[in-house]
Amino acid sequence: MKRMVIRQLIEKIEGEAELDYTFSEGRIEDVKINFGFYRGIEEILEGKDPKDALVITPRVCGICNHAHLIAAVRAIEDGYENAGVKIGLTQKAKNIREFTLACELLQNHIKWFYMTLLPNLEKYLKIVSEENHAMKATYFSTTITKALAIFSGQWPHSSYAIPGGVTCDPTQLDVMQAQSLLEECVRFFEQVVTACSLEKYLAIDSVSQLHKIEGDFGRLLHLLGSNGMAEMGQSYDRFIVFSDSFLSKAGKSIVTSVSKVDTRYVHESAQKGSVAKAVSYKNRLYETGPLARGMVSKEPIVKSLHKRYKDSLMTRVFARVHEVALLLEESRKLLKEIRVDEPSCTLEAELKLYEFEGTGTVEAARGSLIHKTTVNNGVIVKYDIITPTQWNLSHGNEKEKGIAVKAMVGSQSIEEADFIFRTFDVCSVCTAQ
Amino acid sequence: MEQQYKPKLLWLQSITCNGNTHSFLNHPELFSILSHFELVHHPVLESSFCMQELIDGILPCDILIIEGAFMEKGYLKSGVEVSSIIEHYADNAKHIISAGTCATFGGIFKQKDPEAISGFCFDEEEKTRRYAKYASKLISLPGCPIHPKWLSYVLLMIANDRKISLDALHRPVELYGYTVHTGCTRNEYFEWKIDAKNFGLKEGCLFYEQGCQGPYTRGSCNKILWNDMSSKTRIGTPCFGCTEPTFPQTELFHTKTNMGIPATMPLGIPRRAYLTLTGVVKSFKIKRFSERLMEYDR
């Protein structure tokens, strides 16, 4: 059997990765994913005030910094609760946090769709496009991050969520501005992404109705379907979600059965020859991200696609773009419900606890993000960050290949594998935090 | 018609979180700004050349943007030291822009290995050995992340062949002549020494209790607003001094004090002047500042 290893630098993901493809008999037999540089945020936090994590952990990643902030604040709040301090966030603070998080997911998904997926699909299929995809992406993402900044002060890298609530105290005028910006994004989704109203789009619940989707998303689905790509890129059909959100409750899904999870069974381990740690749940690997959320929550249209195409790139890609619609709809509700006369923060600013241990989870764009903080004598003695991409992009172990690796195995070319790899919304900075 | 020469723009990343890249993508006039340049390479946008071609080291470059902290040895891309790739292009570029606090002073990632990691030409405020070689073409744009409009200002000034006035740390004076305090909507509370009673309020200044570094941090965050909308201090988050060589400090949500007086004075204010003023101002009780700005009917 003739084996050949080809190393390729993959770029224009978040950062870069080097992939070693092992070919055998003209097909990819194995892939080793190598990430650049370990920045050591966890070590940097040791010895610091626990609240400093709210400023430092967003710097793990330029595109999901807000998710890190929310995970960090939840870890502190969980620690406070464990130490006997009741948190009791107001509905206003909860809604504002959920909304800003939704904005971050929205900008991520649209950037991924227009800047990663479409251009690479066109390249793979050798289609010459006159479209400026990046302009569409940045128009949408700039608009939605404006809405985010009304509450958070800025994006990227804000630190506006604090134990007990949020630092902002928006007026009705602020909320209305956010609503207008959100509606601008809804228009974009309706006119450019799907060419159908949000309401009509959300009523689609089976594969047989997919033809109702037009616009750029419809074109993408058509290209995947008509070029025999719908069943490519299948992995283990195992999914995991650690944080309750409106997108999904926490849980794991194996093939189609859903059961409970607990972060205590998450295990992180070093990987030989890589700066990124691998992560498993009870010694098994799981996919995390929008497809996982869709499977665990049994989202009808995702289940319908899964029934036909399993956990293929078609289902995976669909699940991420589909979340845009869900996030837009939920954001409308969140903003509408905000009562500006409620308190923003329920804990005193000077409250400081000296001993606690807490875990914070959040559904970030790429899946479940976990922060664990251990505080002794008023300073952080241990901080663990487990990012979504560590689940999807590890090499795996002796028994099993990693999630993305498994999806790439069997590909007939590097171009094909490269495209499958990108459907995971790869982020090297997160993976090698 | 003869095509006008467009300066060749190259964006390189070292030890980074990609925050500066994503911040710049938020510029509302991104594509009109980029139309003045030929994008040789960029971390996410479509560009003329791929990373491998860049590493092979044959590309022309007029303006080099560096994102991320710098390390001499041990950070490789495609088997080549990133430091040598950056230096190669820095040698050839006409302008070098250090985009963000990491590239400028070392920033957060410097804390991982303070001996080995620094900014490109500065290690906090100290000059690195590269300073002498590249100082004549260096523009510093600290910020964690960079403000998109700060970068566009510099790029358009270069495209229009205008001279950019710089301070001693090579920061454009038009952008860093202000403090973050300038334009803060809480200034009245600062003047009358009224602290914010808690987080989550419109009222009160964050300088006295909550750790705000705005009065001694250089940056125009409250003049050129973030995302065209707001700033940290406007929404009640303290300024963390992210544009400064000293970023990040510790206990960021808490003001360090000596006997109740802020340990660091507002920029350029002598302690005595500050204490005199505080004594006078605090002797007044102004009703308006003890009330909420607005009350909603329930």
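The values are calculated or read from the model by the stated rules, or taken from the named source; none is laboratory data. Every value quoted in this text rests on a predicted model; they were computed, and no experiment measured them. With ideal geometry, Cβ positions are generated from the backbone for all residues, glycine too; neighbour counts draw on all protein chains shown. Heavy atoms of the whole protein, side chains included, go into the accessibility calculation; ligands, DNA and RNA do not. Shrake-Rupley method; radii C 1.70, N 1.55, O 1.52, S 1.80 Å.
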- Task: Using the Cα centre as the reference, give the magnitude of the dipole from point charges on the C-beta atoms of region B:186-283 (Lys, Arg: +1; Asp, Glu: -1; all else neutral), rounded to the nearest 20 debye.
- Result: 180 debye
- Query: How high is the relative contact order of region A:4-431, in percent, with contacts defined as C-alpha pairs under 8 Å that are six or more residues apart?
  - Reply: 26 percent
- Message: Loop-only GluC sites (Glu not before Pro) in region B:72-107, please: DSSP not H, G, I, E or B, and at most 16 other Cβ atoms within 10 Å.
- Response: B:Glu72
- Task: Express as a percent, rounded to the nearest 5, the fraction of DSSP beta bridges in the protein assembly as shown (both residues included) that run antiparallel.
- Result: 75 percent
- Item | Two-decimal log10 I(q)/I(0) for region B:71-180, as the Debye equation yields it once each C-alpha is a single scatterer, q = 0.11, 0.24 Å⁻¹ | -0.35, -1.48
- Message: Using the Cα centre of the protein assembly as shown as the reference point, and only Cβ charges (+1 on K/R, -1 on D/E), how large is the resulting charge dipole? Debye, rounded to the nearest 20.
- Response: 720 debye
- Task: Please label the shape of region A:354-433 as rounded, prolate or oblate, based on the square roots a ≥ b ≥ c of the eigenvalues of the alpha-carbon gyration tensor (a/c under 1.5 means rounded; beyond that, a/b larger than b/c means prolate, else oblate).
- Result: prolate
- Message: Please compute the Kirkwood hydrodynamic radius of region B:186-283 from all pairs of different C-alpha atoms, in Å with one decimal.
- Response: 14.0 Å
- Query: How big is chain A by Rg and Dmax over its Cα atoms, in Å?
  - Reply: 21.2, 72
- Item | Percent accessible area from carbon and sulfur atoms, chain B, protein chains only, probe 1.4 Å | 53 percent
- Grab the DSSP H runs of chain B that are 4 residues or longer, score each as -39,500 (n - 2.57), total them, divide by all residues and round the 222 nm result to the nearest 500 deg cm²/dmol. -6000 deg cm²/dmol
- Item | Probe 1.4 Å - accessible area at B:Tyr176, Å² to nearest ten | 0 Å²
- Of the residues A:Met408, A:Ile420, A:Cys430, the Cα lying farthest along the dipole of region A:392-433 towards its positive end, which is defined by charges on the beta carbon of Lys, Arg, Asp and Glu, belongs to A:Cys430
- Query: What dipole magnitude, in Debye to the nearest 20, does region A:314-366 give about its Cα centre under +1 on Lys/Arg Cβ and -1 on Asp/Glu Cβ?
  - Reply: 500 debye
- Reachable aspartates and glutamates from B:Lys285, criterion Cα separation under 16 angstrom, eight or more residues apart if same chain: B:Glu188, B:Glu191, B:Asp195, B:Glu203
- Quick one: check the C-alpha center-to-center distance for region A:378-433 versus region A:296-335, whole angstrom. 21 Å
- Please sort B:192-200, A:252-260 by packing, taking for each peptide the average over its residues of neighbouring beta carbons within 10 angstrom, highest first. B:192-200, A:252-260
- The orientation-averaged projected area of the Cα convex hull of the protein assembly as shown, in nm², is 32.5 nm²
- Query: What does the average come to when, for each residue of peptide A:36-45, you count the partner chain Cβ atoms lying within 10 Å of its Cβ?
  - Reply: 6
- Do any trypsin sites (Lys or Arg not before Pro) in region B:99-183 lie in a loop, going by DSSP, with at most 10 other beta-carbon atoms within 10 Å of their beta carbon, and if so which? B:Arg129, B:Arg162, B:Lys163
- Message: Keeping every protein chain present and rolling a 1.4 Å probe, give me the accessible area per residue for region B:186-283 in Å².
- Response: 41 Å²
- Extreme residue, positive dipole direction of region B:34-109, given options B:Cys50, B:Cys102, B:His36 (C-beta unit charges): B:Cys102
- Item | Greater than 28 Å apart at Cα, pairs in A:Lys146/A:Lys252; B:Lys6/B:Lys163; A:Lys32/A:Lys123; A:Lys146/A:Lys382; A:Lys123/B:Lys77; A:Lys123/B:Lys8 | A:Lys146/A:Lys252; A:Lys146/A:Lys382
- Neighbour-limited loop hits for GluC sites (Glu not before Pro), region B:112-152 (at most 10 other Cβ within 10 Å; DSSP other than H, G, I, E, B): B:Glu115
- Query: Using Cα pairs under 8 angstrom and six or more residues apart, how large is the relative contact order of chain B, in percent?
  - Reply: 14 percent
- Message: Could you work out the relative contact order of region A:224-284? I mean the mean sequence separation of Cα pairs under 8 Å and 6+ apart, divided by the number of residues, in percent.
- Response: 19 percent
- Item | Under 19 Å from the Cα of A:Lys260 - aspartates and glutamates, other chains or at least 8 residues apart | A:Asp237, A:Asp244, A:Glu287, A:Glu299, A:Glu363
- Message: Report for region B:8-160 the percent antiparallel among DSSP-assigned beta bridges with both residues inside it, nearest 5.
- Response: 30 percent
- Message: Calculate log10 I(q)/I(0) of region B:164-204 for q = 0.29, 0.31 Å⁻¹, where I(q) comes from the Debye formula with a single equal point scatterer on each Cα and nothing for solvent.
- Response: -0.96, -1.04
- Quantify how much of the Cα-Cα distance distribution of chain B extends past 26 Å, in percent. 49 percent
- Message: Let me confirm one metric for peptide B:99-109, namely the mean number of other chain beta-carbon atoms within 10 Å of its residues' beta-carbons.
- Response: 2
- Query: Under the definition of partner shielding as Cβ atoms of other protein chains within 10 Å of a residue Cβ, what is the mean value for peptide A:162-170?
  - Reply: 6
- Message: Can you show me the helix-derived [θ] at 222 nm for chain A, built from DSSP H runs with n ≥ 4 at -39,500 (n - 2.57) apiece and divided by the number of residues, rounded to the nearest 500.
- Response: -12500 deg cm²/dmol
- What number comes out for the charge environment of A:Lys212, summing +1 per Lys or Arg and -1 per Asp or Glu over other residues with Cβ under 13 Å away? -3
